[in-house]
Amino acid sequence: MSEAAPEAKKPPSNLAVRLGTALVAVPLILALIFVAPPWGLLVLVAPAALLGCWELFSMTHQGDPVGRLFGTVLGGIVVGSLYFLGTDPRVITTLLITLPVLGPLLTLFRLGDIKTAALRAAALGFGPLYVAAPLTMVVVLRRDHPVEGPAYVLFVLMFSWMADTGGYFAGRFLGKHKLYEAVSPKKTVEGAIGGLAGAVIGGLVVRALCLPTMPIVHLVVLAIVAAAAGQAGDLAESLLKRSVGVKDSGNVLPGHGGILDRVDATLLTATVVYLYSLWA
């Protein structure tokens, strides 16, 4: 009588893999925010920005590694220009003018499939700014605000992380009304509201621990606006992925997909917090 075959081991659940990744990443990120000099955070953010650009152009430039490389190099130029030369308004103006022009020009020289030419031209002109600029601004927040900088960076992360967490649990237990079914079938209105609440709670924690002088009204408004923008960023990436027929932007982070899958909301929360730091 033959022995029964041993049961195959079940792979770890997606939640377990996510928690394991977070346990490794969170202490490192906190050390870079509060202990390391600003350039230490740049060492983490710059590769993330380049990987994010590569993933974006892998979706828009399928089968075109040269086009992906062009777009990623432009993203690197954005990171370097904003961090090392961004205090010069001429640099900002030059980036804003030249990048949208370069997109169509580079596509014109490398035409490829005419049916996707408009998408590729728009992506090359817009993508480097969309991915690389907000991530670089996270480092600039840390560098240019010696006192508030770490709190601002933590706000950026907390608004996106807590909105994601609050949205997940509110949607799972209370979700009934679809938010934007054509783009993201699982997201609900209740989940979106839970995400806003989660961002406010997370922001209040950061304020209490790191920036108690910040007016409560500023914090609540900032959390709601940033979290709402972050949810829109999440939907925008879902729109792009569905339009090109991919599930994840990549697989670099175990249990999380690609870099863009993790920072799609952060791109928008970083933009809102950076603008707040300029105008507050």
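The values are calculated or read from the model by the stated rules, or taken from the named source; none is laboratory data. Just so you know, these numbers come straight off a predicted model, no measurement behind them. Glycine also receives a Cβ, built like all others from the backbone with ideal geometry; neighbour counts cover every protein chain displayed.
Take the conditions at pLDDT 95 or above, crowded, with 21+ Cβ neighbours inside 10 Å and within 21 Å of LEU141 (Cβ to Cβ) and apply them to ALA228. Does it pass?
Against the criterion (at pLDDT 95 or above, crowded, with 21+ Cβ neighbours inside 10 Å and within 21 Å of LEU141 (Cβ to Cβ)), ALA228 does not qualify.
Mind telling me which of the residues ALA123, ALA151 ends up being at pLDDT 95 or above, over 15 Å from ALA270 (Cα atoms) and aliphatic (A, V, I, L, M)?
ALA123
Among the residues in segment 171-180, are any in a helix (DSSP H, G or I), loosely packed, with under 14 Cβ neighbours inside 10 Å and of a type in the set (D, E, K, R)?
Yes.
For segment 56-70, check the following and say yes or no: at least one residue is within 16 Å of ALA117 (Cα to Cα), among the polar types (S, T, N, Q) and assigned to a helix (DSSP H, G or I).
Within segment 56-70, one or more residues are within 16 Å of ALA117 (Cα to Cα), among the polar types (S, T, N, Q) and assigned to a helix (DSSP H, G or I).
Could you count how many residues in segment 172-210 are of a type in the set (Gly, Ala, Ser) and over 21 Å from the mean Cα position of the chain (by Cα)?
Residues meeting the conditions: 3.
Given the criterion buried (at least 21 other Cβ atoms within 10 Å of the Cβ) and over 24 Å from TRP54 (Cα atoms), identify the matching residue among ALA133, ALA123, ALA163.
Matching residue, one of ALA133, ALA123, ALA163: ALA163.
Hey, can you tell me all the residues within segment 68-92 that are small (Gly, Ala, Ser) and modelled with pLDDT of 95 or more?
GLY71, GLY75, GLY76, GLY80, SER81
Condition test on LEU111, is it at negative phi and in a helix (DSSP H, G or I)?
Taking the combined requirement at face value, the residue does not satisfy it.
Among the residues of segment 83-96, is there at least one that is among the aromatic types (Phe, Trp, Tyr), farther than 13 Å from LEU135 by Cβ and crowded, with 21+ Cβ neighbours inside 10 Å?
no
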